[in-house]
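The values are calculated or read from the model by the stated rules, or taken from the named source; none is laboratory data. A quick note: this is a predicted structure, and the numbers were derived from the prediction, not measured. In this analysis, Cβ positions are derived from the backbone assuming ideal geometry, glycine residues included, and neighbour counts consider all displayed protein chains.
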């Protein structure tokens, strides 16, 4: 097995070693390293903007692990923060080969090779890796974006927006009078499935207000909110707005502030939820 380097990987997932994963010497049990790689595989699909349960049946199969080899270089210990690197090194007719590395800071602790076979989940027989999935994975490894933003009118995007709002847990998913005049932004993955959405209202001349923002629950925490926000700011600037506002909750205020929004008023309460108005100059 070739020893991997940190720079070999694009996808890193941080983990913290817990008490349940160590022995009396506070060293991680060997079997847990495969669990760490399994978590990384799960997050790999998230990094591709592929909601697994919805997408795989539509692709005609699922990846099943066929072989896993692990090489031990050093031990992880209690409370270590680990980074799990993973990359797809090869895609065959029906197989996918991954290489992985578990790092503590710059030190490689564990390396691994994982072979998955794409197979019919019912017949349990290999089937060819779909060309669409092959292109997405190869593109991701080459640094290509896994989503694209689409801005448009309600009449063009209504069906996808209503479905996504419900799936993403938007507080008020139903259509209202503002939908007809808003600019809507939809984020799609490379399978064409909508994964995030929002709308821009025009509360005043030159001012845009972000509303009805939602990201699929299974893809949250994977930077798609950031990609959506960038698309919203571009759409606002494109229609001539000079200021973007949002009414942020306690849970998402930090997200907006990390992306250049600043408080523009005192917190207020509405229907039991505390909001803070934030603004971002364009």
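Name the single residue, out of those in region 37-80 being under 21 Å from the mean Cα position of the chain (by Cα) and more than 26 Å from residue 142 (Cβ to Cβ), that is modelled with the lowest pLDDT. Before you say what the answer is, go through the steps one by one.
Narrowing region 37-80 to residues under 21 Å from the mean Cα position of the chain (by Cα): 37-59, 62-63.
When the remaining residues are screened for being more than 26 Å from residue 142 (Cβ to Cβ), the result is 53, 57.
On the way: 53: 90, 57: 87.
Filtering region 37-80 for residues that are under 21 Å from the mean Cα position of the chain (by Cα) and more than 26 Å from residue 142 (Cβ to Cβ), the one modelled with the lowest pLDDT comes out as 57.
Checking the structure you have, find out if any residue of region 251-263 is under 16 Å from residue 170 (Cα atoms), out of contact with any strand residue (DSSP E or B) (no Cβ under 7 Å at 6 or more places or on another chain) and assigned to a loop (DSSP other than H, G, I, E, B). Checking region 251-263: at least one residue is under 16 Å from residue 170 (Cα atoms), out of contact with any strand residue (DSSP E or B) (no Cβ under 7 Å at 6 or more places or on another chain) and assigned to a loop (DSSP other than H, G, I, E, B). Among the conditions (1) buried (at least 22 other Cβ atoms within 10 Å of the Cβ); (2) within 17 Å of the chain's Cα centre (by Cα), residue 199 misses just one, which is (2). Can you name every residue in region 133-144 that is exposed (fewer than 14 other Cβ atoms within 10 Å of the Cβ) and touching a residue at least 24 places away in the same chain (Cβ under 8 Å)? If the condition is that a residue be exposed (fewer than 14 other Cβ atoms within 10 Å of the Cβ) and touching a residue at least 24 places away in the same chain (Cβ under 8 Å), then 135, 138, 143 are the ones that fit. Sub-8 Å Cβ pairs linking a first residue in region 65-92 that is outside the structural domain of residue 127 (by TED's automatic domain parsing) to a second residue that is buried (at least 17 other Cβ atoms within 10 Å of the Cβ) and modelled with pLDDT under 95, at least 6 apart or interchain, number zero.
Answer with yes or no whether residue 218 is modelled with pLDDT under 95, over 17 Å from the mean Cα position of the chain (by Cα) and not in a strand (DSSP E or B).
Details: modelled with pLDDT under 95: yes; over 17 Å from the mean Cα position of the chain (by Cα): no; not in a strand (DSSP E or B): yes.
Judged against the criteria, residue 218 is not a match.
Against the definition (closer than 22 Å to residue 277 by Cα, assigned by TED's automatic domain parsing to the domain that holds residue 251, at pLDDT below 95 and touching a strand residue (DSSP E or B) at 6+ places or on another chain (Cβ under 7 Å)), how does residue 202 come out, yes or no? Break it down into steps so the answer makes sense when it comes.
Numbers: closer than 22 Å to residue 277 by Cα: yes; assigned by TED's automatic domain parsing to the domain that holds residue 251: yes; at pLDDT below 95: yes; touching a strand residue (DSSP E or B) at 6+ places or on another chain (Cβ under 7 Å): yes.
In short, yes.
The single condition from (1) surrounded by fewer than 18 Cβ atoms within 10 Å (Cβ to Cβ); (2) in a loop (DSSP other than H, G, I, E, B); (3) in contact (Cβ under 8 Å) with a residue 12 or more places away in the chain that residue 54 fails is (2). For region 57-82, a residue qualifies if it is surrounded by fewer than 14 Cβ atoms within 10 Å (Cβ to Cβ) and assigned to a helix (DSSP H, G or I), and the qualifying residues are 57, 58. Taking region 157-188 as the range and being without any contact (Cβ under 8 Å) to a residue 24 or more places away in the chain, assigned to a helix (DSSP H, G or I) and surrounded by 13 or more Cβ atoms within 10 Å (Cβ to Cβ) as the test, the residues that pass are 158, 162.
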